[in-house]
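Engineer: Got a structure for you, written out below as structure tokens; questions coming shortly.
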């Protein structure tokens, strides 16, 4: 996909984290880029500031004239799986005869020009891929990276380097998208049942991961918990804290809000590495990222510096306020295992303090399929506020509501609120540690919550 100058790309769902990264890539390569998204956001604002045209209405007449008048052979349309087949824009381009590809297909195409490291898993993949990209960059191994979140170190979800020797990509299991990739090596962080609306059963999801692993013709690194699924695979190794093999981490301690640990990997023993992300699960994420970075030639001294300087990913346990009077943490957690990790990290950082959790369930099917696990995880909070379920691509399912989920949570201090009532409710009660969680649009409420808490608890 070289020689892109003059080509036109139209993205339906351009404001998505993965779509916006590809849009930036093609823009950087000299192509014309435009697109549609449902609502403005910080990401669409950034795209517009970079010269990419974005429309927020599906009327075909709003498509830039240069695209409407161009021959269909000169326009490639990229869509997310979340775009319904009834989309007027999709129908317009279909009738026009334009080439229409899913995001994963395009990502597979653009990563075939050099060796690709793919990071998959039901959770942890965004942190690991972003950390790996940072370690490679800090370690003088130039790379391109297509990430599922905004890197706090670089302020973007895509890293592009004309001297790149390798690609780092987040491999999304939704809609079996990761089967479009052919990585030179891969990491699998977790395989907890998810996306059962697509897969039907956990076993079918496991089979998809197995198929993904087969596509990788090089080393495969998997978390120790899921290693048994890949016993048949050659060139496979597993990682965990306290594993008997390597890679592993040991001698873990916490001081001044930072982890310190020893890494045993690739025949090396790296003592007293420091790392600033909270939660033991992030130490395990660091094992995976650091191991592959060492394999790619990052020197141990630069690896040490890279781990110490890694600032995380936006909305992955992002600390917005931290003071003795009030704290605010924002996290992308939308699966029970992710809620467990997030709430556990909050308890570790703020022992003995009251934790109020605001959770926006994501998808009716996920809420229905994992309700008992959600209830168990949310009960670890001191107080729970549930927002309405964020539907994303789905239509409502009768009886599956936040109120229905709330009834199953075994705790006293709990409530359901519409988004419009949240700020007033928080302002009217005493709070200590507030954690916002969810993968929908709850992030758009966070700046308002932050301003209110800062004003109310100003020293």
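The values are calculated or read from the model by the stated rules, or taken from the named source; none is laboratory data. Quick caveat: nothing in here was measured; it's all calculated off a predicted structure. Positions of Cβ are backbone-derived with ideal geometry, glycine not excepted, and every protein chain shown enters the neighbour counts.
Engineer: So, residue 128, is that one in contact (Cβ under 8 Å) with a residue 24 or more places away in the chain, under 30 Å from residue 297 (Cβ atoms), in the same structural domain as residue 150 (by TED's automatic domain parsing) and assigned to a strand (DSSP E or B) or not? If you could, list the steps in order and put the result at the bottom.
Structural biologist: Details: in contact (Cβ under 8 Å) with a residue 24 or more places away in the chain: yes; under 30 Å from residue 297 (Cβ atoms): yes; in the same structural domain as residue 150 (by TED's automatic domain parsing): yes; assigned to a strand (DSSP E or B): no.
Spelling it out, it is not the case that residue 128 is in contact (Cβ under 8 Å) with a residue 24 or more places away in the chain, under 30 Å from residue 297 (Cβ atoms), in the same structural domain as residue 150 (by TED's automatic domain parsing) and assigned to a strand (DSSP E or B).
Engineer: Only one of these conditions is not met by residue 427: (1) surrounded by 12 or more Cβ atoms within 10 Å (Cβ to Cβ); (2) farther than 26 Å from residue 82 by Cβ; (3) under 28 Å from the mean Cα position of the chain (by Cα). Which number is it?
Structural biologist: With respect to (1) surrounded by 12 or more Cβ atoms within 10 Å (Cβ to Cβ); (2) farther than 26 Å from residue 82 by Cβ; (3) under 28 Å from the mean Cα position of the chain (by Cα), residue 427 is out only on (3).
Engineer: Something else now. What single numbered condition from (1) in contact (Cβ under 8 Å) with a residue 12 or more places away in the chain; (2) surrounded by fewer than 20 Cβ atoms within 10 Å (Cβ to Cβ); (3) over 20 Å from residue 194 (Cβ atoms) fails to hold for residue 375?
Structural biologist: Going through the list (1) in contact (Cβ under 8 Å) with a residue 12 or more places away in the chain; (2) surrounded by fewer than 20 Cβ atoms within 10 Å (Cβ to Cβ); (3) over 20 Å from residue 194 (Cβ atoms), residue 375 breaks only (3).
Engineer: Also, I was wondering about something else. Could you list all residues from the stretch 405-435 that are part of a loop (DSSP other than H, G, I, E, B), touching a strand residue (DSSP E or B) at 6+ places or on another chain (Cβ under 7 Å) and free of Cβ contacts under 8 Å to residues at least 40 places away in the same chain?
Structural biologist: 409, 411, 413, 417
Engineer: Now, a different point. Would you please name the residue that is surrounded by the fewest Cβ atoms within 10 Å (Cβ to Cβ), looking only at residues in the stretch 266-283 that are touching a helix residue (DSSP H, G or I) at 6+ places or on another chain (Cβ under 9 Å) and part of a helix (DSSP H, G or I)?
Structural biologist: 280
Engineer: Read through the list (1) touching a residue at least 12 places away in the same chain (Cβ under 8 Å); (2) within 19 Å of residue 19 (Cα to Cα), then give the number of the only condition that residue 123 fails.
Structural biologist: All conditions pass for residue 123, except number (2).
Engineer: Which one of these is touching a strand residue (DSSP E or B) at 6+ places or on another chain (Cβ under 6 Å) and assigned to a helix (DSSP H, G or I): 206, 261, 178? Explain how you work it out, then say what you get.
Structural biologist: Values: 206 fails: touching a strand residue (DSSP E or B) at 6+ places or on another chain (Cβ under 6 Å); 261 fails: assigned to a helix (DSSP H, G or I).
Result of the check over 206, 261, 178: 178.
Engineer: Of all residues in the stretch 434-451, which are over 18 Å from the mean Cα position of the chain (by Cα), more than 19 Å from residue 378 (Cα to Cα) and surrounded by 18 or more Cβ atoms within 10 Å (Cβ to Cβ)?
Structural biologist: Selection gives 445, 449.
Engineer: Would you point out which residue out of 195, 228, 223 is out of contact with any strand residue (DSSP E or B) (no Cβ under 6 Å at 6 or more places or on another chain) and over 13 Å from residue 121 (Cα atoms)?
Structural biologist: Details: 195 fails: over 13 Å from residue 121 (Cα atoms); 223 fails: over 13 Å from residue 121 (Cα atoms).
Of the residues listed, the single one that is out of contact with any strand residue (DSSP E or B) (no Cβ under 6 Å at 6 or more places or on another chain) and over 13 Å from residue 121 (Cα atoms) is 228.
For (1) touching a helix residue (DSSP H, G or I) at 6+ places or on another chain (Cβ under 6 Å); (2) farther than 30 Å from residue 254 by Cα, each residue gets a yes or a no:
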{"position": "355", "(1), (2)": "yes, no"}
{"position": "386", "(1), (2)": "yes, yes"}
{"position": "391", "(1), (2)": "no, yes"}
{"position": "425", "(1), (2)": "no, yes"}
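Engineer: Let me ask something additional. For the stretch 307-320, give me the residue count where each residue is at pLDDT below 95 and in contact with a helix residue (DSSP H, G or I) (Cβ under 8 Å, 6 or more places away or on another chain). Walk me through how you get there before you give the answer.
Structural biologist: Within the stretch 307-320, the subset at pLDDT below 95 is 311-320.
Then drop every residue that is not in contact with a helix residue (DSSP H, G or I) (Cβ under 8 Å, 6 or more places away or on another chain), which leaves 312-313, 315-317, 320.
Total satisfying the criteria: 6.
Engineer: Being touching a residue at least 40 places away in the same chain (Cβ under 8 Å), part of a loop (DSSP other than H, G, I, E, B) and under 18 Å from the mean Cα position of the chain (by Cα) is the requirement here; does residue 155 meet it? Write out each step before concluding.
Structural biologist: Values: touching a residue at least 40 places away in the same chain (Cβ under 8 Å): no; part of a loop (DSSP other than H, G, I, E, B): yes; under 18 Å from the mean Cα position of the chain (by Cα): yes.
In short, no.
Engineer: Restricted to the stretch 393-419, and to residues that are in contact with a helix residue (DSSP H, G or I) (Cβ under 7 Å, 6 or more places away or on another chain) and under 29 Å from residue 16 (Cβ atoms), which residue is modelled with the lowest pLDDT?
Structural biologist: 394
Engineer: Sticking with this structure for a sec: Can you give me the number of residues within the stretch 246-265 that are touching a residue at least 24 places away in the same chain (Cβ under 8 Å) and surrounded by fewer than 16 Cβ atoms within 10 Å (Cβ to Cβ)?
Structural biologist: Number satisfying all stated conditions: 3.
Engineer: Okay, moving on. Give the residue that is farthest from residue 412 (Cα to Cα), with candidates limited to residues of the stretch 303-346 that are surrounded by fewer than 16 Cβ atoms within 10 Å (Cβ to Cβ) and in contact with a strand residue (DSSP E or B) (Cβ under 7 Å, 6 or more places away or on another chain).
Structural biologist: Looking at the filtered set, the residue picked out is 308.
Engineer: In the stretch 287-300, is there at least one residue being without any contact (Cβ under 8 Å) to a residue 24 or more places away in the chain, touching a strand residue (DSSP E or B) at 6+ places or on another chain (Cβ under 9 Å) and closer than 20 Å to residue 341 by Cβ? Show your work before the answer.
Structural biologist: Within the stretch 287-300, the first condition is being without any contact (Cβ under 8 Å) to a residue 24 or more places away in the chain, and the residues that meet it are none.
There is no residue in the stretch 287-300 that is without any contact (Cβ under 8 Å) to a residue 24 or more places away in the chain, touching a strand residue (DSSP E or B) at 6+ places or on another chain (Cβ under 9 Å) and closer than 20 Å to residue 341 by Cβ.
Engineer: In the stretch 446-459, which residues are without any contact (Cβ under 8 Å) to a residue 60 or more places away in the chain and part of a loop (DSSP other than H, G, I, E, B)?
Structural biologist: The one that is without any contact (Cβ under 8 Å) to a residue 60 or more places away in the chain and part of a loop (DSSP other than H, G, I, E, B): 458.
Engineer: Still on this structure, I have one more. State all residues of the stretch 214-223 that are surrounded by 19 or more Cβ atoms within 10 Å (Cβ to Cβ) and either within 21 Å of the chain's Cα centre (by Cα) or free of Cβ contacts under 8 Å to residues at least 60 places away in the same chain (or both); if no residue qualifies, say none.
Structural biologist: 220, 221, 222, 223
Engineer: Then there's this: Residues that are closer than 24 Å to residue 46 by Cβ, out of contact with any strand residue (DSSP E or B) (no Cβ under 9 Å at 6 or more places or on another chain) and surrounded by fewer than 24 Cβ atoms within 10 Å (Cβ to Cβ): does the stretch 104-127 have at least one?
Structural biologist: So far as the stretch 104-127 goes, yes, one or more of its residues are closer than 24 Å to residue 46 by Cβ, out of contact with any strand residue (DSSP E or B) (no Cβ under 9 Å at 6 or more places or on another chain) and surrounded by fewer than 24 Cβ atoms within 10 Å (Cβ to Cβ).
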